[in-house]
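Q: There's a structure below that I have some questions on.
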Amino acid sequence: QVQLVESGGGLVQPGGSLRLSCAASGIIFSSYTMGWYRQAPGKQRELVATISSRGDKSYEDSVKGRFTISRENAKSTAYLQMNSLKADDTAVYYCNAKMWPSYIYWGQGTQVTVSS
């Protein structure tokens with residue numbers, strides 16, 4: 001059974017930092033592209049960042065320079081380091097694992113709230 005379990009969300013003040021973790025089980029983690037998505041109230045889910053099995057990274061424009069995605073294959077865990085957080089970053093953040101041709105798995109989500 002595949003499981004992706006996110007952790008690390010919470011309430012943080014503007015300008016603060018959080019690190020999200022996504023622990024995977026039931027998959028050959030090193031073979032998967034890992035991604036972080038987010039969904040704010042009333043908005044569609046959007047892609048935030050991805051890291052390929054080779055370690056290639058990509059970011060949504062609004063988080064470039066503030067967020068860093070990484071992975072630790074030995075621990076089957078992906079991370080999202082979020083710095084200089086803004087109110088617009090408030091959302092539920094979801095972990096995603098994807099492998100060609102059609103293997104896609106989601107975590108349950110973790111709430112990130114940026115507010116003073």
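The values are calculated or read from the model by the stated rules, or taken from the named source; none is laboratory data. Source: prediction; values computed, not measured. When we count neighbours, we look across all protein chains shown, and the Cβ atoms used for this are built from the backbone with ideal geometry, even at glycine. Just the protein is used for accessible areas: all its heavy atoms, side chains included, with ligands, DNA and RNA removed. Shrake-Rupley method; radii C 1.70, N 1.55, O 1.52, S 1.80 Å.
Q: How about the stretch 15-46: which of its residues are in contact (Cβ under 8 Å) with a residue 60 or more places away in the chain and under 11 Å from the mean Cα position of the chain (by Cα)?
A: Matches in the stretch 15-46: Arg19, Leu20, Cys22, Met34, Gly35, Trp36, Arg38.
Q: Select from the stretch 59-116 the residues that are assigned to a strand (DSSP E or B) and of a type in the set (D, E, K, R) and write down the one among them that is least open to solvent (accessible area, probe 1.4 Å).
A: Checking each candidate, the answer is Arg71.
Q: Checking the structure you have, find out if any residue of the stretch 40-55 is on the phi > 0 side of the Ramachandran plot and either loosely packed, with under 13 Cβ neighbours inside 10 Å or touching an Asp or Glu at 6+ places or on another chain (Cβ under 6 Å) (or both).
A: The initial filter retains those residues of the stretch 40-55 that are on the phi > 0 side of the Ramachandran plot, namely 42, 55.
Applying the additional criterion that residues be either loosely packed, with under 13 Cβ neighbours inside 10 Å or touching an Asp or Glu at 6+ places or on another chain (Cβ under 6 Å) (or both) yields 42, 55.
Yes: one or more hits.
Q: Would you mind stating whether Ser7 is more than 20 Å from Trp106 (Cα to Cα), at pLDDT 95 or above and either open to solvent by 20 Å² or more (accessible area, probe 1.4 Å) or not polar (S, T, N, Q) (or both)?
A: No; evaluated as a whole, the condition is false for this residue.
Q: What number of residues within the stretch 3-33 satisfy the criterion of being part of a strand (DSSP E or B) and out of contact with any Lys or Arg (no Cβ under 6 Å at 6 or more places or on another chain)?
A: Residues that pass the stated criteria total 16.
A quick yes/no check of all residues on (1) charged (D, E, K, R); (2) over 24 Å from Gly16 (Cα atoms):
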position: Tyr59; (1), (2): no, no
position: Asn73; (1), (2): no, yes
position: Tyr79; (1), (2): no, no
position: Met82; (1), (2): no, no
position: Leu85; (1), (2): no, no
position: Tyr93; (1), (2): no, no
position: Lys98; (1), (2): yes, yes
position: Pro101; (1), (2): no, yes
position: Trp106; (1), (2): no, yes
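Q: Looking at (1) over 16 Å from the mean Cα position of the chain (by Cα); (2) surrounded by 17 or more Cβ atoms within 10 Å (Cβ to Cβ); (3) over 22 Å from Ser115 (Cα atoms), find the lone condition where Val12 falls short.
A: (3)
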